[in-house]
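This report refers to the structure that appears directly beneath it.
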Amino acid sequence: MKHGALAILPLALGAAVYGFAFGLLAAQIGFPWWGVGLMSASVHAGSSQIVAVEQFATTGTVLGAVLAGAALNLRYIGIIASLSDVLDGLSLRAKLLAIHITGDENWALTMTERAKSPEVGAAFLIGSGLVMISVWTASTAAGAVLGAVLPDLERFGLGFAFTAAFIAMARGLWRGHSQVLPWAVAAGVTVTVVSLGLPKAYGIIAGALLGLAASALLRHKKAVLG
């Protein structure tokens, strides 16, 4: 666990930057610092939290915020499935803990290190995950504490921190030209739905589902031809 905790520190510091920005803006919308911290500890999905808070601030509907956040995190189905070998042999309680604290950063680092050394496993994943969730929760709560006493921060352009964070996450998820079609389908559908004046949550859900469908069709085609 110590190996994973130390290895994840550079990534954790990066996440703390936009976590702090998220806390600032969430407080400006009206979320209390303890609510932000509780959300970070229980949801532990930065991109999902950002979209959910923005959706709630725009529409005021809890269901829309939940749907938008859930759609954005559909990728975790595949991420958790890829950890079947890593989690094999753990108790149910340990598996649930590992799944909860698994995020993009510690999952990617675990799989990278595991490719170098098969001995890297659940201890590395859990150690790195505990650091990530702790840093994320602390940074978002700290941002919310400061954001509650500062004037309107949007005029400083801090809202772009969300956009920058999504650009960085998207770049990290890019795996080459084979993903062009699914990404194009997801982006095109999302833009179309939003352009029609429908809630952004619907656009995110439609784009995610049809992007996944396009990816599944490509895999099926390769399996048939290969």
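Quick check on segment 35-43. Is at least one of its residues more than 20 Å from GLY147 (Cα to Cα) and assigned by TED's automatic domain parsing to the domain that holds THR137? Yes. Counting only residues that are over 13 Å from HIS3 (Cβ atoms), without any contact (Cβ under 8 Å) to a residue 40 or more places away in the chain and in a helix (DSSP H, G or I), segment 113-137 holds 2 of them. Show the residue pairs meeting these rules: Cβ distance below 7 Å; 6+ apart or different chains; first residue within segment 200-226 and basic (Lys, Arg); second residue modelled with pLDDT of 80 or more and part of a helix (DSSP H, G or I). Note: pairs meeting the criteria are LYS200/VAL194. Of the candidates ALA41, ALA27, ALA94, ALA45, the single residue that is modelled with pLDDT under 85 and either within 16 Å of the chain's Cα centre (by Cα) or at negative phi (or both) is ALA45. A Cβ distance below 6 Å, combined with a sequence gap of six or more or placement on separate chains, defines the contacts here; from segment 178-193, residues that are free of Cβ contacts under 8 Å to residues at least 24 places away in the same chain reach residues that are in a helix (DSSP H, G or I) and hydrophobic (A, V, I, L, M, F, W, C) in the pairs VAL189/ALA206; VAL189/LEU210; VAL193/ALA206. Screening VAL66, VAL51, VAL36 for residues that are at pLDDT 85 or above, more than 23 Å from ALA123 (Cβ to Cβ) and β-branched (Val, Ile, Thr) leaves exactly one candidate, VAL36. Consider segment 67-103 and keep the residues that are among the small types (Gly, Ala, Ser) and surrounded by 15 or more Cβ atoms within 10 Å (Cβ to Cβ). The one that is farthest from ILE8 (Cα to Cα) is ALA68. In the set (1) within 27 Å of GLN28 (Cα to Cα); (2) surrounded by fewer than 22 Cβ atoms within 10 Å (Cβ to Cβ), the condition left unmet by ALA144 is number (2).
This table checks each residue for (1) of a type outside the set (Ser, Thr, Tyr); (2) assigned by TED's automatic domain parsing to the domain that holds LEU25; (3) in contact with a Gly (Cβ under 6 Å, 6 or more places away or on another chain); (4) over 18 Å from ALA45 (Cβ atoms).
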site: ARG93; (1), (2), (3), (4): yes, yes, no, yes
site: GLU105; (1), (2), (3), (4): yes, yes, no, no
site: PRO118; (1), (2), (3), (4): yes, yes, no, yes
site: GLY121; (1), (2), (3), (4): yes, yes, no, yes
site: GLY127; (1), (2), (3), (4): yes, yes, yes, yes
site: ALA138; (1), (2), (3), (4): yes, yes, no, no
site: ALA141; (1), (2), (3), (4): yes, yes, yes, no
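Within segment 21-35, residues that are touching a residue at least 60 places away in the same chain (Cβ under 8 Å) have Cβ atoms under 6 Å from residues that are β-branched (Val, Ile, Thr) in these pairs: PHE22/ILE50; PHE22/THR140; GLY23/VAL36; GLY23/THR140; ALA26/VAL36; ALA26/VAL53; TRP33/VAL145, counting only partners at least 6 apart in sequence or on another chain.
The values are calculated or read from the model by the stated rules, or taken from the named source; none is laboratory data. Just so it is clear, the model here is predicted, and its values are computed rather than measured. Positions of Cβ are backbone-derived with ideal geometry, glycine not excepted, and every protein chain shown enters the neighbour counts.
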